[in-house]
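Colleague: Below: one structure in structure tokens.
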Amino acid sequence: MMAAFCAALQGTRLPPLALVELAAEALGSIYREVADAHCGNRPCPCGWQPCPAADLEALQAALKRGAALSRHPDLARMAVAGRA
């Protein structure tokens, strides 16, 4: 996903937040399509029943967890201390 995001940044010159918002809209569309497939006259046989309010709350919580600052050391961001 990061590679696609970086390619979109370079290809469109849109600000990063604009691309993140577009990605969120795409995820919302996927949710809607999957939810629709689980409703109506011929719902998916898996038994899942969409609950938009609770589902969106869960998605928002997942987004917050993913966006939270990491409290764990990240080797990619550490300063090089020497040579091996």
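Colleague: Of these, Leu19, Leu27, Leu63, which one is assigned to a helix (DSSP H, G or I) and touching a helix residue (DSSP H, G or I) at 6+ places or on another chain (Cβ under 7 Å)?
Modeller: Result: Leu19 is the single residue among Leu19, Leu27, Leu63 that is assigned to a helix (DSSP H, G or I) and touching a helix residue (DSSP H, G or I) at 6+ places or on another chain (Cβ under 7 Å).
Colleague: Can you tell me which residue among Pro73, Pro52, Pro15, Pro45 is in contact (Cβ under 8 Å) with a residue 12 or more places away in the chain and either exposed (fewer than 12 other Cβ atoms within 10 Å of the Cβ) or under 14 Å from the mean Cα position of the chain (by Cα) (or both)?
Modeller: Pro52
Colleague: Go through the range 34-56 and give me each residue that's among the charged types (D, E, K, R) and either part of a loop (DSSP other than H, G, I, E, B) or under 24 Å from Met2 (Cα atoms) (or both).
Modeller: Arg42, the sole residue that qualifies.
Colleague: While we're on this one: Considering only the range 23-33, I want to know if a residue exists there that is among the hydrophobic types (A, V, I, L, M, F, W, C), more than 17 Å from the chain's Cα centre (by Cα) and surrounded by 12 or more Cβ atoms within 10 Å (Cβ to Cβ). Walk me through it before giving the result.
Modeller: Keep residues of the range 23-33 that are among the hydrophobic types (A, V, I, L, M, F, W, C), which gives 23-24, 26-27, 30.
Those still in the list that are more than 17 Å from the chain's Cα centre (by Cα) too: none.
No, because not a single residue in the range 23-33 is among the hydrophobic types (A, V, I, L, M, F, W, C), more than 17 Å from the chain's Cα centre (by Cα) and surrounded by 12 or more Cβ atoms within 10 Å (Cβ to Cβ).
Colleague: Checking Ala8 against (1) in contact with a helix residue (DSSP H, G or I) (Cβ under 8 Å, 6 or more places away or on another chain); (2) of a type outside the set (Ser, Thr, Tyr); (3) not in a helix (DSSP H, G or I), which single condition isn't satisfied?
Modeller: Every listed condition holds for Ala8 apart from (3).
Here, each number is a calculation from the coordinates, and none is a lab measurement. Given the structure is predicted, the values throughout are model-derived calculations rather than measurements. Reconstructed Cβ throughout: ideal geometry from the backbone, glycine too, with neighbour counts over all protein chains shown.
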